[in-house]
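S.K.: Below you'll find the structure I mean.
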Amino acid sequence: MDRASVISSDRVLRILLLEDSALDAELVRETLTDARLPISVERVVSADEFTRAVRDETWDLILADYLLPAFDGLHALEIAREMSRATPFVFVSGALGEEVAVEALKRGATDYVLKDKLERLPATVLRALAEARERGEKERAQDALRQMLDERTALLHELDHRVKNNLQLLLSLIGIEYRQAEDGPARQVLGRMKERMQALAAAHRDLYDGQGSTRFDASRFAKGLCEELTSSIPGVRITPEFEIETVEVEAAKAAAMALLFNEIVVNALTHAYKERQGKLKLRLRIEDGALVFQIADDAFSPEEKQHAKESASGTILKALARQLNANVEWPLDDPAILVRVAIPVRDGG
């Protein structure tokens with residue numbers, strides 16, 4: 001391995017050497033120096049010396065014998081992993097069998113070199129330093145990514161909070177205007193506006209609940225919308241029934257889809273179910289690459305179907321359908337189906 005690619009020209013490697021033999025320690029120094037590695041070696045012998053050195057100072061590399069009087073390399077490895085996990089740890093020993101070497105690597109040692117093959121030590125040291133640098137760069141990149149995600153999550157939560165507050169403020173203002181309006185048409189317009197704002201608020205809540213999402217759960221929203229509207233619109237005694245499969249679409253479609261569903265359901269309850277009991281059978285699923293949103297009952301009268309269709313021909317519904325490239329059908333030849341909406345989607349989640 002190229003030394004220059006691992007060690008800068010003005011850098012001196014600080015090496016902690018755990019070795020009880022002065023002769024072996026000198027051989028290690030000479031081997032690394034002969035390989036033109038810029039080193040500063042501090043030798044320790046006891047467990048206390050080793051622990052203090054690892055705890056109190058910073059090292060580029062730890063070299064350790066495996067067998068020492070009253071101390072062993074695996075214990076030293078545990079201390080190093082606990083106090084200086086990022087520092088590469090290489091065993092340099094004359095008594096390291098294959099099983100012991102494998103166990104040492106499992107416990108976190110970077111590598112090992114036998115004392116009778118010290119010529120391999122410089123390459124092993126360079127490889128250990130390169131791996132440590134690579135790990136460090138990866139960890140720094142991961143830390144930077146985590147920080148960026150944390151910042152974006154905090155921003156998302158802040159935006160979510162502001163949007164919720166703004167929507168609630170608008171709903172409150174519309175509610176005030178609704179209560180103060182004296183003529184029927186004005187109250188009707190304000191009431192429809194309030195319903196649309198509530199649909200937007202519900203879509204926003206579903207989309208940004210928790211950590212935020214890039215997908216909109218159209219199934220959960222449609223079911224909740226039908227349950228809420230059938231129980232809240234005066235004069236309507238309708239029981240919702242559902243044939244729904246899990247369908248998620250891209251978040252960019254959430255607002256328009258929520259408003260479109262709201263327009264369709266409110267129109268149906270207001271005109272097709274007016275002053276009667278019945279069932280609102282909602283079907284939502286993916287069919288032939290399109291999200292199909294369908295409202296049905298046991299049967300609608302021709303007058304109910306025609307009234308609902310004519311009432312749904314307004315500018316808002318057409319604009320929402322055009323934005324979603326949706327096809328809205330009012331099949332007059334099928335008494336059970338009131339309306340069917342098909343919205344192209346790339347996938348069904």
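The values are calculated or read from the model by the stated rules, or taken from the named source; none is laboratory data. Bear in mind the structure is a predicted one, so any value in this text is a computation, not a measurement. So basically every Cβ, Gly included, is an ideal-geometry build from the backbone, and we count neighbours across all protein chains shown. Calculation scope for accessible area: heavy atoms of the full protein, side chains included, ligands and nucleic acids excluded. Shrake-Rupley method; radii C 1.70, N 1.55, O 1.52, S 1.80 Å.
S.K.: List, please: which pairs have Cβ atoms under 9 Å, are six or more places apart or on different chains, and start with a residue in the stretch 24-35 that is under 14 Å from residue 65 (Cβ atoms) and end with one that is aromatic (Phe, Trp, Tyr)?
M.R.: Once the first residue is under 14 Å from residue 65 (Cβ atoms) and sits in the stretch 24-35, no partner that is aromatic (Phe, Trp, Tyr) comes close enough.
S.K.: Wholly within the stretch 241-349, which helices (runs of 4 or more DSSP H) include no fewer than the required count, namely at least 2 residues that are in contact (Cβ under 8 Å) with a residue 40 or more places away in the chain, of a type outside the set (Ser, Thr, Tyr) and open to solvent by less than 10 Å² (accessible area, probe 1.4 Å)?
M.R.: 254-267
S.K.: Using the structure shown, decide if residue 54 is over 19 Å from residue 132 (Cα atoms), assigned to a helix (DSSP H, G or I) and open to solvent by less than 60 Å² (accessible area, probe 1.4 Å).
M.R.: No.
S.K.: So is residue 197 open to solvent by 40 Å² or more (accessible area, probe 1.4 Å) and either modelled with pLDDT of 70 or more or within 27 Å of residue 150 (Cα to Cα) (or both) or not?
M.R.: no
S.K.: Let me ask something else. Filtering the stretch 57-98 down to residues that are over 20 Å from residue 131 (Cα atoms) and assigned to a strand (DSSP E or B), which residue is nearest to the chain's Cα centre (by Cα)?
M.R.: Among those that are over 20 Å from residue 131 (Cα atoms) and assigned to a strand (DSSP E or B), it is 72.
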